[in-house]
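Comments concern the structure below.
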Amino acid sequence: MSLSKQAFLCFFYMHAIDSLPHFYAVRRYNESGKEAMKVMQSDLLLIAAPTKAGEDFMKQIKLSGFPFIALTNNKMEKLKLEGQGVKKIIQVDTSVPGSSTPIIPDYPIGNIILFEESLTLCCRYIQICRSWTSGSMYVITQSVNPRLIYKGLGADYVIYSKNGDVKFLLSTLLQTNKLGTV
């Protein structure tokens with residue numbers, strides 16, 4: 001490849017990163033304070049964890065340092081999540097289907113994990129969140145029956161777990177959402 005072609009590609013990639021919204025690109029600096037490289041942020045994991053198993057999973061994600069956003073549908077749960085140290089929370093209205101304008105998250109959403117508390121709530125979360133990502137959507141349920149309902153609404157994986165323990169997903173999520181450098 002010629003030098004002029006390399007210079008053009010370098011300029012093109014750097015310009016493309018500069019034109020991205022602030023949450024997609026992170027600048028890294030060396031010790032002298034000069035910009036050393038830019039790092040593309042991976043999409044954030046979205047977790048709806050209204051169950052005890054969901055709370056435990058969210059704690060594991062937080063301990064691993066993996067970036068995530070919590071999803072809730074009420075003020076009390078939002079306050080509870082804030083008390084647990086969750087920084088990014090999206091609160092949606094699930095009371096009446098299609099009653100409010102759709103929310104578009106401020107952050108890039110990657111994979112979604114929904115812990116089932118009730119069939120109705122989980123179905124509304126799937127309907128609301130499916131348009132936010134092309135990533136995988138996981139539903140963790142303690143019931144075998146609603147599997148086809150969730151799949152029909154757009155869930156990619158429905159995982160049956162009697163106790164809700166899905167720590168095995170951690171390694172999969174960490175491998176698919178690594179930071180890439182440019």
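The values are calculated or read from the model by the stated rules, or taken from the named source; none is laboratory data. Just so it is clear, the model here is predicted, and its values are computed rather than measured. Counting neighbours? That spans all protein chains shown, and the Cβs are built from the backbone with ideal geometry, glycine included. All accessible areas refer to the heavy atoms of the entire protein, side chains included, with ligands and DNA or RNA removed. Shrake-Rupley method; radii C 1.70, N 1.55, O 1.52, S 1.80 Å.
Restricting the first member to segment 155-180 and to residues that are closer than 26 Å to ARG124 by Cα and in a helix (DSSP H, G or I), and the second to residues that are at pLDDT below 75 and hydroxyl-bearing (Ser, Thr, Tyr), no beta-carbon pair is closer than 7 Å while six or more apart or on different chains. Checking each residue in segment 111-135 for being among the β-branched types (Val, Ile, Thr), open to solvent by 10 Å² or more (accessible area, probe 1.4 Å) and either over 13 Å from the mean Cα position of the chain (by Cα) or farther than 11 Å from LEU45 by Cα (or both) picks out THR120, ILE128.
Scanning segment 71-94 for residues that are in a helix (DSSP H, G or I) and open to solvent by 40 Å² or more (accessible area, probe 1.4 Å) turns up LYS75, MET76, LYS78, LEU79, LYS80, GLU82, GLY83. Being part of a helix (DSSP H, G or I), within 20 Å of the chain's Cα centre (by Cα) and either at pLDDT 90 or above or among the acidic types (Asp, Glu) (or both), is that true of even one residue in segment 33-53? Scanning segment 33-53, I find at least one residue that is part of a helix (DSSP H, G or I), within 20 Å of the chain's Cα centre (by Cα) and either at pLDDT 90 or above or among the acidic types (Asp, Glu) (or both), so the answer is yes. Selection of segment 54-70 for residues being in a loop (DSSP other than H, G, I, E, B) and surrounded by 15 or more Cβ atoms within 10 Å (Cβ to Cβ) yields PHE66, PRO67. Among residues of segment 130-144 that are at pLDDT below 90, those with a beta-carbon under 7 Å from a residue that is aromatic (Phe, Trp, Tyr) at least six positions away or on a different chain give the pairs VAL144/TYR160. Based on what the data block shows, is SER64 without any contact (Cβ under 8 Å) to a residue 60 or more places away in the chain and hydroxyl-bearing (Ser, Thr, Tyr)? For SER64, the condition - without any contact (Cβ under 8 Å) to a residue 60 or more places away in the chain and hydroxyl-bearing (Ser, Thr, Tyr) - is not met. Candidates in segment 95-110 are the residues that are open to solvent by less than 80 Å² (accessible area, probe 1.4 Å) and touching a Phe, Trp or Tyr at 6+ places or on another chain (Cβ under 7 Å); of these, the one that is modelled with the lowest pLDDT is PRO105.
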